[in-house]
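Please read the structure below before turning to the comments.
Coordinate-derived values only; no laboratory data. All of these numbers come straight from a predicted model, not from anything done at the bench. No Cβ is skipped: glycine too gets one built from the backbone with ideal geometry, and neighbour counts run over all protein chains shown.
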Amino acid sequence: MSTKVDRWSELVPIMLATESGRANLASGMPLTSVRLTDSIAEAAARVVSSHEWRQAVGRYHGVLGNPELRDTIAAFFAPRVSSEAASSGRENVLITPGAQAAFRYVGEHVRRQSRRLLMFGPEYPEYGTPGVDSRMACSAIMPGSGPVFRYALPDVEIGQDIGAVVVSSPGNPTGKVLNPHEIHILATKCERAGAVLVIDGAYGNPWPGLNFTTAVAPPTAFGNNVISVGSFAKAGLAGERLGFIVGPKEWIDRFAVEQSSFQVFPPVFPQLLALELISNTDYSAILAHDIRAELARRQTAFRLVLATRLNVPYQVHMAEGGQYVWMRLPALTRFGAGELFEKLLGAGVVVAPGAVFFSEEHKETDEAWRSMRISLTAPAADLEYGAGRIAEVVNGLH
């Protein structure tokens, strides 16, 4: 028997299942730590007892978000603004109720233009908006050292039918971090087509800062047709749904109009909490030590298990950032992928099948079925157990 799971909606019920002993290595749940949680709790207590909170809680607020928080975010981005952009100030920042809201605004912009949204597979499947025509171009594979490879941008033209290109960096599911050359190529192609380039930095700098390598620069710069989307979800505040958009003022104004019809203004408390964390705690240092360093350590440990226990050919994407391992099994067939998923479930392990991260027209391709996303944020015991079972089941299947 083989289980076909190639859509996010099919995977979610399996991830939410509560059978004891099942190691969930499919979830995107963020990693946290006691020190980070304690720091957030202490900051929250200060916010609630503050004059600013007492003044703000009973009032309506501007759609753009807290001015001080926007200033703080803009200050981080200012040194990274491309030469095409005039400046980086609060007018270049929109606070959103979660990063996902930003992609709804992008989708609505594309829909109103009767154009399409372009992604490069494999990619996070939830960027699309109902009523928006999306397409995907599959990334090319660049072999590296040993089992390591890296996806390269596909050599595709971006036509006038494309209204927006969306890429995640660090990538979900691959962990790829766009380098300056890749950003320049995409931005140039988008500019020629009159499209906007949207870089999802939910796993990147400045918060949570899950970039592992200094060899590639974080994709934080924006130009006249480039915007960056950030989030505090992977930085200890997943339950507060707080994100932001950084970009040219004309785009911020445009998305602010969308936000005003969607939620009027973002919630006040998480904004004050984020501002308190950034301004008055060692928030960034805790994220660097407890989250980024721990995920880097888990990357190394998990890959060591694969290297020492797998007896079949395999590949893993270069560990540039994020919280996942993206693994390919070159000899795996579509039927074999379903059988592998079924056997892993039987062994008490859930992974995210690669096909989930490909669009409809690519779900039947070999690349979709030869891959899987493995989350490194599960409890340490589950991660250790899951790594061993994955090696065992893959060896047995071949």
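Brief remarks on what is shown
- Cα centroid separation, the range 38-55 to the range 356-398 (Å): 41 Å
- Compared with the direct C-alpha span, the chain from Asp71 to Asp155 gains 26.5 nm at full extension, assuming 0.36 nm per residue.
- What the Kirkwood sum gives for the range 309-378 is a hydrodynamic radius of 12.7 Å, with every pair of different alpha carbons counted.
- When you count the other C-beta atoms within 10 angstrom of each residue and take the mean per peptide, 32-45, 142-155 line up highest first as 32-45, 142-155.
- Paramagnetic reach from Ala78 in the range 255-290 [backbone N under 19 Å; point 7 Å along Cα→Cβ]: 275-276, 278-280
- Take the Cβ atoms of Arg192 and Arg54, set R0 to 56 Å, and the FRET efficiency comes out at 0.60.
- Residue-span extension gain [His289 to Val148] - 0.36 nm each, minus C-alpha spacing: 48.2 nm
- Taking only the Cα atoms of the range 219-311, the ratio Rg/Rh comes out at 1.12, with Rh defined as the Kirkwood radius.
- Greater than 23 Å apart at Cα, pairs in Lys4/Lys176; Lys4/Lys343; Lys189/Lys363: Lys4/Lys176; Lys189/Lys363
- Per residue, the Cα convex hull of the chain amounts to 137 Å³.
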